[in-house]
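Note sheet for the following structure.
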Amino acid sequence: MDLDKTYQANLYEKDIYNLWLKNNAFKADPMSNKEHYSISMPPPNETGTLHIGHALFLTLQDILIRYHKLRGYDTLWLPGTDHAAIATNAVIEKKLTEQGINKHQIGREKFIQITKEFVGNSRETIIKQTKAMGAAADWSRLRYTLDEGLSRVVSEVFVKMYADGLIYRGNRIVNWDPKLETNVSDDEVLYQTEKTKLYTFKFGPFEISTTRPETKFADKYIVVNPKDKRYLKYKHLQTFEVEWLNGKTQATLIKDESVDPNFGTGAMTITPWHSLVDFELANKYSLDMEQVIGLDGKLLSVAKEFEGMDIIKARPKIVQKLKDKGLLISIQDDYEHSLATNSRGGGIIEPQIRLQWFIDVNKKTIDWKGQKNSFKEILQRVIREGDIKIIPKRFEKIYFNWINNLKDWCVSRQIWWGHQLPVWYKEDKIYVGLTPPEGGDWKRDQDTLDTWFSSSLWTWSTLLDPNLTTDCSLTLDEIIARSIDFKTYHPTNVLETGFDIIFFWVARMILSTTYVVKQVPFKEVFLHGLVKTETGKKMSKSDPDSIIDPLTVIEEYGADALRLSLIQGLAPGQDSKLGKTKIITNRNFCNKLWNISRYIEDKLDFNSTLRIESAADNWIIFKLNLAQKNFQKAIDKYQFSEAYQIVYHFLKDQFADWYLEVSKIEKNYSLLSYVYKQLLILIHPLAPFITEVLWQKGIKSQSTELLINQTYQEPIISSPTEENNFDIIIKLVTEIRHIKKELNLNKLTIFSEAPLILKNKETIQKLAQIKIQNESISENKISLTINQVSVDLDINDQLVSNYLLKLTQKLDKQTQLVESLNKRLQNKSYINNAPNHIVDETKQHLAEEVHNLKIIQDDIKLFSKS
RNA sequence: GGGUGAUUAGCUCAGUUGGCUAGAGCAUCUCGUUUACACCGAGAGGGUCGGGGGUUCGAGUCCCUCAUCACCCACCA
């Protein structure tokens, strides 16, 4: 096959991926008799480019898919992209703004057209990049959240929820983003601490503090704690005449426990229209609510001369007015508070009361395992009852905590990009359905759905047959019942994703899926952490140097090196670090495999009968079986890092360092070829490209199959005695190398009559770089015994004293060890309490160490004499 | 305010029912060009497992407590 001296990944990876595609290697087969294994790929935003987070989830899921293929499963890894409503909308609006265009100037239709064009180009990019990672995804089943079929399902579910009374329309306070002109869910709000001014004003007989004077125009309720002694003289609902921003006004006192008497003066005024807490308080006492700030972030007519002014600009002027009126008491400068922002590229959140659509999470009307439950209850039950297992387990606690605080989910958004609500209005009538009722002028709701509403259907809506979902004569239940992929692959086996979207996505998928299809969406959830820089910093767009671009790494070092680096040291749910040194180490690992192949290439032999002859043969077969077994155990438990370590040590420490070296003496090429072949299969899930390259170049000539389509074979049995013999040889050779190094010897002769040594004479001579004779030739000798096999090392006079010193040091250590073991065995509580096998092990261990001690003592005696 | 995680060799981390003298990789030091590999091989040094206390025959592992760092949730007049 004639390989280059080093592995150049970029010369091969594209061709290998195309080879897999050409052979339909990723394609799932629901008709297969094999067991089925499926994963839904978390759909990346189609506007994005591949970042290191994608690279991580692609690697982990690809390992699981390829591993299960090797285990003999029919696998489905279903890929897709997400329309990412708000995020995409924000990107387009930003682009328009750069061109000096406001979206209202071009209108909804044109806006959507522009978005579609942009998204169309962008989608190709992310798919191409996904392929560069080696993803064994079934591209024939590629889905997109705005596909016709998926969109229909989204509407169907909305209609169904409405019919079941689980979706309602109501006036509630929502998180309004004036920049993107939409409301967003609680989970999308990001709080950032900032320092601001805290103003204290006189309000009738009270002093009240605020960070937002601009919201205060309509304030006419003062709230205090009923236990607050300062205000005992006033009664609940007592009214006061108050001089305020717009002159004299009537204010009412409310006494409520929710006020903290220790904060400031213990008195505050409320602004129900623009604060969640105030809104709830106002609801409790049926208080008036008045809007002060418009949806555009500008003051309304209640602000009189400030009407139309931007709130931030108006603030100092309003403070000045209050000061002029003699109402300003103090200003505290560095008051710390949290500022709510829209995490999806939007602006500063302004709470507003709006008529919106909500999903009721508390209504107990949903059938689940024969009981009527609320969404909240089902979300809790599936975890508690073990239908879904979250790995690592500690996230279950976080999940439950989130559910306990869950409020009704606001699903309507005012952006244009997304699934429009299937809601129609005519005069004061509302109709919810896929198409408007016959007759009359029904107008469709202009709002779109929260992007997570469609994502929450992902595991099953993507498995519905597109030919059925676009057939209007079928009901949703009929489509579900007739879709073969759905029957075969749902529930999916595992959801692998980042812990940061456990609420957005994981919980909501459980919510929608249990409700519509009466199944859990997945049986297990594996959560990974964040990939951070080498120094443990978050990679962020604002600091371009901190970002590791997976595509650059792939180009320079190969996708395999990147994949290995991402799983090395990875622990479930834990952040991991990635840097250049790690990537280079793993590139070197690939190169090691490459060079093993270079050595083996002209020795490959799959025609001769497989024979296990030497001690080394038995040993390598034993180690191979062990590595395979432990590798499978590790992957089954999602211990990716552990799995890599097993492969790493088998390849380097066992196969390359020992077996390959031995094979230069004892030529058993059929077994060498067998082990090499199994080695490629073993490594393949972790490093698919290089292993397939080598398979194609080396092993393909003997078979027509692709490596990706192999399955694990039954292990070959090896002899434990022979395997143990090679362990003795390893220990012996290592010890001789050590002594040679310690004594600075270039040449060394040893003599031994042990059959094991004589039988493996050539091998040991080569490995330890020594000469072996079977007759004693010298007076000065170091005796070495490993598991009852003894050899004598011939050394000259000058080295004796040198070695004696080393021996004395060794004696100290050995004596201590024997003493501590003795002490333990003399401890009666230990003998009585410890399990028998532990005590027996200790006894055996002691016997060995005593024997070793005696050898050292004998040596010292011998050298001291001479 | 509530919660979670981390703390083991210079660095990055394993150590999964408590049990052999606590392990890797990288880095460091020494030596080395032999049927693939210097993106290599051989050998070595380096740890009172964050501090304190407890349970136990036995603790890196379990419990309590403190400290530092990171993150999440809630509140914020």
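The values are calculated or read from the model by the stated rules, or taken from the named source; none is laboratory data. Keep in mind that what you see is a predicted model, and the values were worked out from it rather than measured. Every residue, glycine among them, receives a Cβ derived from its backbone with ideal geometry; neighbour counts consider all protein chains shown. Accessible surface areas use protein heavy atoms only, side chains included; no ligands, DNA or RNA. Shrake-Rupley method; radii C 1.70, N 1.55, O 1.52, S 1.80 Å.
Conditions (1) in a helix (DSSP H, G or I); (2) touching a residue at least 60 places away in the same chain (Cβ under 8 Å); (3) open to solvent by less than 10 Å² (accessible area, probe 1.4 Å), marked per residue:
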{"position": "A:438", "(1), (2), (3)": "no, no, no"}
{"position": "A:441", "(1), (2), (3)": "no, no, no"}
{"position": "A:452", "(1), (2), (3)": "yes, yes, no"}
{"position": "A:471", "(1), (2), (3)": "no, no, no"}
{"position": "A:486", "(1), (2), (3)": "yes, no, no"}
{"position": "A:495", "(1), (2), (3)": "no, yes, yes"}
{"position": "A:509", "(1), (2), (3)": "yes, no, yes"}
{"position": "A:512", "(1), (2), (3)": "yes, yes, yes"}
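Just so you know, in segment A:519-565 the residues that are surrounded by fewer than 18 Cβ atoms within 10 Å (Cβ to Cβ) and more than 20 Å from the chain's Cα centre (by Cα) include one that is nearest to residue A:389 (Cα to Cα), and it is A:519. Only one residue in A:94, A:103, A:14 is open to solvent by 10 Å² or more (accessible area, probe 1.4 Å) and closer than 30 Å to residue A:699 by Cβ, so which one is that? From the options A:94, A:103, A:14, the qualifying one is A:14.
Tell me the residue from A:746, A:802 that is open to solvent by 30 Å² or more (accessible area, probe 1.4 Å), part of a loop (DSSP other than H, G, I, E, B) and either away from RNA strand B (no atom under 12 Å from the Cβ) or farther than 22 Å from residue A:655 by Cβ (or both), please.
Numbers: A:802 fails: part of a loop (DSSP other than H, G, I, E, B).
Testing whether each residue is open to solvent by 30 Å² or more (accessible area, probe 1.4 Å), part of a loop (DSSP other than H, G, I, E, B) and either away from RNA strand B (no atom under 12 Å from the Cβ) or farther than 22 Å from residue A:655 by Cβ (or both) leaves just A:746.
Being loosely packed, with under 13 Cβ neighbours inside 10 Å and under 38 Å from the mean Cα position of the chain (by Cα) holds for only one residue in A:347, A:370, and it is A:370. Looking only at residues of segment A:716-743 that are more than 10 Å from RNA strand B (Cβ to nearest atom) and among the β-branched types (Val, Ile, Thr), we find that the one that is nearest to residue A:658 (Cα to Cα) is A:729. Pairs meeting the criteria (first residue in segment A:798-822 and within 13 Å of residue A:851 (Cα to Cα) and among the small types (Gly, Ala, Ser), second residue open to solvent by 40 Å² or more (accessible area, probe 1.4 Å) and more than 14 Å from RNA strand B (Cβ to nearest atom), beta carbons under 8 Å, at least 6 apart or on different chains) are lacking. Filtering segment A:278-304 to residues that are within 14 Å of RNA strand B (Cβ to nearest atom), buried (at least 16 other Cβ atoms within 10 Å of the Cβ) and free of Cβ contacts under 8 Å to residues at least 40 places away in the same chain leaves only A:278. Note on segment A:307-345: residues that are more than 24 Å from residue A:276 (Cβ to Cβ) and at pLDDT 90 or above total 19. Of all residues in segment A:141-194, which are among the aromatic types (Phe, Trp, Tyr), under 18 Å from residue A:419 (Cβ atoms) and open to solvent by 30 Å² or more (accessible area, probe 1.4 Å)? Once the filter is applied, which keeps residues that are among the aromatic types (Phe, Trp, Tyr), under 18 Å from residue A:419 (Cβ atoms) and open to solvent by 30 Å² or more (accessible area, probe 1.4 Å), segment A:141-194 yields only A:162. For residue A:766, the test of being of a type outside the set (Asp, Glu), closer than 24 Å to residue A:593 by Cβ and open to solvent by 70 Å² or more (accessible area, probe 1.4 Å) is passed.
Might you check whether a residue that is within 9 Å of RNA strand B (Cβ to nearest atom), without any contact (Cβ under 8 Å) to a residue 12 or more places away in the chain and out of contact with any strand residue (DSSP E or B) (no Cβ under 6 Å at 6 or more places or on another chain) occurs anywhere in segment A:600-615? Yes - at least one qualifying residue is present in segment A:600-615. Confirm whether residue A:26 is open to solvent by 10 Å² or more (accessible area, probe 1.4 Å), more than 16 Å from RNA strand B (Cβ to nearest atom), under 17 Å from residue A:561 (Cα atoms) and of a type in the set (Phe, Trp, Tyr). For residue A:26, the condition - open to solvent by 10 Å² or more (accessible area, probe 1.4 Å), more than 16 Å from RNA strand B (Cβ to nearest atom), under 17 Å from residue A:561 (Cα atoms) and of a type in the set (Phe, Trp, Tyr) - is not met. In segment A:400-416, the residue that is farthest from residue A:386 (Cα to Cα) out of those that are in a loop (DSSP other than H, G, I, E, B) and open to solvent by less than 10 Å² (accessible area, probe 1.4 Å) is A:415.
Checked against the criterion of being surrounded by fewer than 15 Cβ atoms within 10 Å (Cβ to Cβ) and within 12 Å of RNA strand B (Cβ to nearest atom), the candidates A:654, A:568, A:574 yield just one match: A:574.
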